Structure formats: C-alpha cells, structure tokens
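Worksheet: the structure to be examined is printed underneath.
The values are calculated or read from the model by the stated rules, or taken from the named source; none is laboratory data. Keep in mind that what you see is a predicted model, and the values were worked out from it rather than measured. Counting neighbours? That spans all protein chains shown, and the Cβs are built from the backbone with ideal geometry, glycine included.
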C-alpha cells in the first residue's frame, strides 16, 4: 500500500521511521513538510530524506508544495499529521478534503479537522468509498476507536469518562503528592517538557474538550462542537482542595465526561476515589466506557509521544490495508 | 447469520437473551443443553425455549443430543459455551472439531479446548477457511483479542502482565483493606458468590495460568501448556506479608506474566506499587501489554458474568458477520 505522509514533526518522523523499519507492506511515495515536498511512485528513500530534514530543515524539493504532493503523488492513503489549528482546522482540513476528493483513504492525528468538520468529512469519505480514520486524535497510543468498532461491537455505549490530557494529570499528581501549588507544579511540568510555553490550551481543559467532542460524535453520531462542552480547567485549583480530597481517601482529576441520558458533556476537575481505575500518576491518558453488556471497560496508555502516536496511525493503516486489500 | 448455541448455563443464557433482544442480524437455529436439543432453520423461539428450560430443566427435545444439533442443524457459526473441563477439554473439544469439520465458524468461551488443543484447532479452522474465535476465554468482557488483532496491529508485543482471576483479586483486596486472614477473606468471597465450594482452581493460580497459556500462544504463536507455567497461588499468603507491602506504599496482587526475552511464564503473588494501573479493588480483571510502539497499554474490566461474557461472544460473532458476510 502506498502512503503520502504530510507533516514531518514529531509524529510524522515517528510514522516515517516505523514504516521504514518495519516490514508491513507500506511504502511512502509522497512526503511533505511545511517547506518542501518529495514524490516517487516507486517509494522514497526515507532515511535519506529524514537526514536531509535534520541537516537543512526541509526534507525535499522547496518548489514542491504540500498540496502538489496531495494532488499529484501516486498513493492509496494519505497520512495527515501536520500541526493542529483548533480554531480554523486549516490547512489540515483542506488537505484531507483534497485527498478524499481523489478517492484516497485518509489517516490523521489532527484534532482540528475532526472536531470542526466531522460530519462533512465522514460523509465525503463515505460517498467516495474510502476510509477516514483518526485513532491518533484521541489519547495517543490507546486504541479507543478500534475498541469501539470491534472489541465492543454489539454494545450500546451509555457514557464515557476520560483522563484525556496528560499535562493536567501530571500537574494534579504533583500537587497531590508534594503539596505543590498549581504554579509550582506547572513550572515543573514545563521543565519536564510536559507543558507548552502557553499552557492554557491544556490547563483550561480545551484539549480534553476537543477530544471529548471527537469521541462523542464518533460514538453517538452527533454533531456537537467545542462550544457545547461545559468546560472548567485546573488552573484555579488550590493545594487545600487536593488536601481535603486526600483526607477522604480521594484525589482530584480532570475528567472529561459524556453522559447522554443526563445531557452531560463536560470537562471539569472531579473528586474521585484513589482506587478508581481512572486514578494513576503522571502523564498517562485513560478512558472508561460504560456499556450495556460489557459494563465498564477502562483503557490506559500513553497519550502522546512520537512513536506512541505512530502506533495508532499504523493501526489505522493496517486496518485499511486488510479491509480494502490496500487499494484506494 | 445463523447460530447454533451449545450450552445454556449462565453464559449461554446471556448469549441467547442478547441475541433475542438486540437487532444484530443473528438468528439462533440450533440450541442444546446437557439434556436436550432444538433445531429450526427458520429460527428458534428463544424466549419460549428459555422458559421451558426454567420450568422443566431442559430446553428442547430430550431425544436430540448436542452432537446431533452440531452435525445436523443449519447454521453458519457455532457458539460453544458448555462447561469447561480443564483436564480433558471434553466434550467441548469434540464439539468444536465437529463444527470445524463441517466448515462452520466457531466462537467459544471454553478455556479447556483452547489451552489443550490450540494449535490443532486453529490449523483445522484455517484449513477449512473458517474462523475460530475465543475472546471470552480470557478476562470476560475485556476485548483483549480484538486489541491484539486491530488496536495494536503493527506492534510487537514484548511482554504481558495480567490480573486474570477476580476471586484472588477480591481476596487480596479484603486481606489488605481489613487485615483479614486468607481463610477469613475466602469465606467472605464464598458468601459473596465469588468463590466456588472447592476454590483451589482459583486460589492456586490454575485459572490464571490457563488464561496465560491461551494469551501466550495467541500472541507469540507458541504451543505452551499449563505444565509450562511456573505457578504459585495466594493460599499461603499471610496478613503480615500484606502489611509489610502496605508499609512501603505497595500491595500484593496475583500477577500472570509472560516475558519471552526473560523466558518467564509465571503466575505468582507480586508486590506492586499501589498506584500501578494493575492495582484496583474487587473482582475486576486487567491486562497490561508491553509493546514496542504503543509502550504499555492496560485494559481493565469485568472478568466474568453472564451478560459481560456474552458481550465478548457477540463481538466475535459480529466480527465474523462483517468479515465473512455472515457465511460459513
């Protein structure tokens, strides 16, 4: 199966390296970063292009644009892992549309297009007889979408509860363990590389809310948006609040919840018993699905990372390979 | 898709009720309990047969044997949920062979055949172009096999660690929480219906070891048996041992482990940090898969129960329906 890979940041490099290293029947025939592109229907020399990127800052020909690769390369599936823009969804949404218009499968880790144009893009994929898969958009390496599709097939999903932001979980872990203030724990998270210079996207719950939107629309076929989420972050939490929770054998975690029967779509700090499956330390992500037959199923794993996210993308690609015999 | 259901204990009743209640395109055309059988190519009246079973102790015609249903009924997939015999695997192994010989798909919750004749049965299914699926054999409702097949496709599984016996986890939870002796906690587990009159199959680690054998053979294509598992139960654990672990912020859990690089295939009580994802209270089951790309993925859920196990069986049936267009 031939792959066009758009984006060579941390996730894109992980995908390229894993495809080059593993013998999975996948060949990269198109590649683009923000400054250049490369195409070869027989397969690109990935190690050479990655070295080029490292040395010069761009992987290929600066005269070849990303859109030219998407519309011109010979491929079966587009892997779209360019930077996320949560406000406009662009340019990723345009990239995905262009590939679907060519009747190419699309696999993406990009939350922007999925949270802003889910219904439109899914309809376009369906109409053109191709797959649009996005396992990597929610909770990194955790195979949530595959679990919904296959593992829990036949189940009605009644509710979901998730720890979908590793930065917040790290900060809350450290506040509880060491009695740190929010500001101290945030500083530590920055030093560890877990928080951005502007952490508001994480600590105000927006990142978790966007993932909640993607999950809810996937599970219940709705068309909810970020504005529909009742969203409270962790930036106003005090060490006192955590101490009070600890006194009761509990702690506080930022929980994303969707409970249709109660009309709840919410991200907020919740008091939660310490031995609950959604309580764990550090930057992990987790999701509990409440279902009619299997009852509660919880999945825990890495929510970010280059190779971890590549795992989710390869899972989607291999599913397409098996399902469609690798043909777009 | 037409289903022949063998076994009407707790799991069988759950499967029958869920198929009757949910509109999944599944029709039960053959049914057998230990004393009787029923067949109708147009579909059996399941509520009537279950009521019959409740009133008279047998569901159908006492002159119709289980093997006659398996060899005579018109069906696409056999659901084999008769009682497990961990020593001989019979009569379940014979039932499965008979269905595979007719080129029928088989879905089973029966650990006996899978732990004793895995290679032979899988080869027979493969040769006859049908599926043999067994999600329900390990950890009840947790979709482990689907996760290995799809969610973690492309990953190399490096090791697995599981809490695969809910009875032991309950006993250890109660010993740690209340300082009970093993005997006291076992008595409580019996009163709650979590332990059998003869608990040795659970507390000596045999049940967990059989599940470990099924997982290891599935993941690594090996042909290991129960005798290959280094197996220690929880029946000699003292409250003192648990207290010492608690003093260090740890607790003790019965962990099933397979680590090929270290030649470890073991079930034993392990000291484990309390905030580890595999530490939770009560009768839940869990499994951590250590992989090359996704790193550690942990799944937690119900390890037993009528409807919970039916969830795993329906997941397998729906996979066959989609993969083979419902035809055997």
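For (1) away from chain B (no Cβ under 14 Å); (2) within 30 Å of residue B:145 (Cα to Cα); (3) more than 22 Å from the chain's Cα centre (by Cα), each residue gets a yes or a no:
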{"residue": "A:132", "(1), (2), (3)": "yes, yes, no"}
{"residue": "A:137", "(1), (2), (3)": "yes, yes, no"}
{"residue": "A:155", "(1), (2), (3)": "no, yes, yes"}
{"residue": "A:164", "(1), (2), (3)": "yes, yes, no"}
{"residue": "A:180", "(1), (2), (3)": "yes, no, yes"}
* Looking only at region A:231-241, decide whether some residue is in a strand (DSSP E or B), under 20 Å from residue A:86 (Cα atoms) and either more than 9 Å from chain B (Cβ to nearest Cβ) or touching a helix residue (DSSP H, G or I) at 6+ places or on another chain (Cβ under 8 Å) (or both). => yes
* Give the residues of region A:139-153 that are under 24 Å from residue A:86 (Cα atoms) and more than 7 Å from chain B (Cβ to nearest Cβ), sorted by residue number. => A:139, A:140, A:144, A:145
* Just one of the numbered conditions (1) modelled with pLDDT of 95 or more; (2) buried (at least 22 other Cβ atoms within 10 Å of the Cβ) is not true of residue B:277; which one? -> (1)
* Structure fact -> In region B:207-223, residues that are surrounded by 18 or more Cβ atoms within 10 Å (Cβ to Cβ) and farther than 11 Å from residue B:168 by Cα total 11
* Sort through A:294, A:310, A:304, A:328 and tell me the only one that's within 30 Å of residue A:102 (Cα to Cα), outside any helix (DSSP H, G or I) and either at the interface with another protein chain (Cβ under 7 Å from one of its Cβ atoms) or modelled with pLDDT under 95 (or both). => A:328
* **Output for region B:313-325, where each listed residue is more than 8 Å from chain A (Cβ to nearest Cβ) and under 26 Å from residue B:280 (Cα atoms)** => B:313
* **Count - residues of region B:266-291 that are more than 7 Å from every other protein chain (Cβ to nearest Cβ), within 26 Å of residue A:176 (Cα to Cα), part of a loop (DSSP other than H, G, I, E, B) and in contact (Cβ under 8 Å) with a residue 40 or more places away in the chain** => 2
* **Given (1) surrounded by fewer than 21 Cβ atoms within 10 Å (Cβ to Cβ); (2) within 25 Å of residue A:121 (Cα to Cα); (3) touching a helix residue (DSSP H, G or I) at 6+ places or on another chain (Cβ under 8 Å), index of the condition residue A:24 fails** => (2)
* Residue identified as crowded, with 24+ Cβ neighbours inside 10 Å and under 23 Å from residue B:224 (Cα atoms) among B:114, B:78 -> B:114
* Asked: residue A:252 passes all but one of (1) in contact with a helix residue (DSSP H, G or I) (Cβ under 9 Å, 6 or more places away or on another chain); (2) in a helix (DSSP H, G or I); which number fails?
  -> (2)
* Asked: Can you name the residue in region B:189-206 that is touching a strand residue (DSSP E or B) at 6+ places or on another chain (Cβ under 8 Å) and surrounded by fewer than 22 Cβ atoms within 10 Å (Cβ to Cβ) and is also nearest to residue B:89 (Cα to Cα) among such residues?
  -> B:206
* Selection count, region B:231-242, where residues are surrounded by 13 or more Cβ atoms within 10 Å (Cβ to Cβ) and more than 17 Å from residue B:279 (Cα to Cα) -> 6
* Return yes or no: is residue A:245 surrounded by 18 or more Cβ atoms within 10 Å (Cβ to Cβ) and either free of Cβ contacts under 8 Å to residues at least 24 places away in the same chain or over 22 Å from the mean Cα position of the chain (by Cα) (or both)? => yes
* **Sole exception among (1) farther than 30 Å from residue B:209 by Cβ; (2) at pLDDT 95 or above for residue B:66, by number** => (1)
* **Failed condition for residue B:258, given (1) in contact (Cβ under 8 Å) with a residue 60 or more places away in the chain; (2) under 23 Å from the mean Cα position of the chain (by Cα); (3) within 11 Å of chain A (Cβ to nearest Cβ)** => (3)
* Say whether the condition of being assigned by TED's automatic domain parsing to the domain that holds residue B:25 and without any contact (Cβ under 8 Å) to a residue 60 or more places away in the chain is met by at least one residue in region B:69-76. => yes
* Asked: Looking at A:223, A:198, A:202, which one is outside any helix (DSSP H, G or I), closer than 23 Å to residue A:84 by Cα and touching a residue at least 12 places away in the same chain (Cβ under 8 Å)?
  -> A:223
* **Flag for residue A:19 being in contact with a helix residue (DSSP H, G or I) (Cβ under 9 Å, 6 or more places away or on another chain), in a strand (DSSP E or B), touching a residue at least 40 places away in the same chain (Cβ under 8 Å) and within 14 Å of chain B (Cβ to nearest Cβ)** => no
* Asked: Is at least one residue of region B:144-162 at pLDDT 95 or above, in contact with a strand residue (DSSP E or B) (Cβ under 7 Å, 6 or more places away or on another chain), surrounded by fewer than 20 Cβ atoms within 10 Å (Cβ to Cβ) and in a loop (DSSP other than H, G, I, E, B)?
  -> yes
* Asked: Is it the case that some residue within region A:77-84 is under 15 Å from residue A:136 (Cβ atoms), in contact with a strand residue (DSSP E or B) (Cβ under 9 Å, 6 or more places away or on another chain) and either in a loop (DSSP other than H, G, I, E, B) or at pLDDT below 95 (or both)?
  -> yes
* Looking at region A:47-56, is at least one residue part of a helix (DSSP H, G or I), over 30 Å from residue A:207 (Cβ atoms) and in contact with a strand residue (DSSP E or B) (Cβ under 8 Å, 6 or more places away or on another chain)? -> yes
* Which is over 29 Å from residue A:283 (Cβ atoms) and part of a loop (DSSP other than H, G, I, E, B), of A:94, A:129, A:89, A:140? -> A:129
